[in-house]
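A.B. asks: This is the structure I want to talk about, given as structure tokens.
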Amino acid sequence: MDDDQSFSTTGRDARVVIDLALDDPAWLDDLPGAEDCARQACVAAFDQACPETRVGVSLMLADDACVRSLNGQWRAIDKPTNVLSFPSAERVAGAVPEPAAGQPPGQEIALGDIVLARETLLREAREAALPANHHLAHLVVHGALHLLGYDHNNDDEAETMEAVERLVLAGLGVPDPYA
């Protein structure tokens, strides 16, 4: 990441610490307000899924080339995807995240990283006739839930994860993405 193209910020909710990196400045032109939308969606996901736990997450607004590289390196898939999640530990969906062994009391639990691909996200939003900020919110919530152990490898897991996504998104005023 080039220093002149990225910055970090901390979420306003002291319980949810968000390290937001803008790796692709085109986000600012293509989706003004993307940073605030991503922060709000991230906080809403953790407010719903682990409301009493102090957590930290890294969130990167990147481009397709970055996500394609990460997808190839970590998943052996040579193409971009809309969102990638890299949990810091294996977690069980619905369980309260536990601090790492030896972690000082009061320090946030580092959940992992979420990386979003701008071009793929915008293309998908266009193709589905969705507002881009709604699709961004959905993908951030989706990525955040992956960090908490939610998955969609089978129908039961998908139903559970989608139910939480719907609940979080409704609270943000985003219509059901699965309707």
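A.B. asks: If you take Rg and Dmax of the Cα atoms in Å from the coordinates, which of (i) 15.6, 51; (ii) 16.9, 55; (iii) 15.5, 48 do you get?
C.D. replies: Among (i) 15.6, 51; (ii) 16.9, 55; (iii) 15.5, 48, the one derived from this structure is (iii).
A.B. asks: Rank by packing, highest mean first: peptides 17-26, 72-81, with packing defined as the count of other Cβ atoms within 10 Å averaged across residues.
C.D. replies: 17-26, 72-81
A.B. asks: Further, regarding this structure: Putting +1 on Lys and Arg Cβ atoms and -1 on Asp and Glu Cβ atoms, find which of Pro25, Ser85, Pro51 reaches farthest to the positive end of the dipole of the chain.
C.D. replies: Pro51
A.B. asks: Across region 149-162, in residue order, what do the Karplus-derived ³J(HN,Hα) couplings come to in whole Hz, using 6.51 cos²θ - 1.76 cosθ + 1.60 with θ = phi - 60° and x for Gly and Pro?
C.D. replies: Ordered by residue, 3J(HN,Hα) equals x, 6, 8, 9, 6, 9, 4, 5, 4, 4, 4, 5, 5, 5 Hz.
A.B. asks: Taking the dipole about the Cα centre of the chain, with the C-beta of Lys and Arg at +1 and of Asp and Glu at -1, give me whichever of Ala101, Leu136, Leu122 is farthest to the positive side.
C.D. replies: My answer, from the dipole projection, is Ala101.
A.B. asks: Let me ask another. Taking neighbour Cβ counts within 10 Å as the exposure measure, how do Arg15, Arg39, Arg118 sort from fewest upward?
C.D. replies: Arg15, Arg39, Arg118
A.B. asks: In addition: Starting with the fewest neighbours, write out Thr120, Thr160 ranked by other beta-carbon atoms found within 10 Å of each beta-carbon.
C.D. replies: Thr160, Thr120
A.B. asks: Something else now. Sum up the charges of everything whose Cβ sits under 11 Å from the Cβ of Thr53, counting Lys and Arg as +1 and Asp and Glu as -1, but leave Thr53 out.
C.D. replies: On the way: positive: Arg15, Arg54; negative: Asp47, Glu52, Glu98, Glu108.
Taking every other residue near Thr53 into account, the sum is -2.
A.B. asks: What is the distance in Å between the Cα centroid of region 69-116 and that of region 152-179?
C.D. replies: What the calculation gives is 19 Å, centre to centre.
A.B. asks: Please compute the contact order of the chain in relative form: average sequence separation of alpha-carbon pairs under 8 Å and at least six residues apart, divided by the residue count, as a percent.
C.D. replies: 24
A.B. asks: Using a simple charge model, +1 on the beta-carbon of Lys and Arg, -1 on the beta-carbon of Asp and Glu, nothing else, what dipole does the chain show about its Cα centre, in debye to the nearest 20?
C.D. replies: Details: 12 positive and 31 negative charges, 47 e Å.
For the chain, the charge dipole is close to 220 debye.
Coordinate-derived values only; no laboratory data. Fair warning: this is a prediction, and the values are worked out from it, not measured in the lab. Cβ atoms come from the backbone with ideal geometry, glycine included; neighbour counts cover every protein chain shown.
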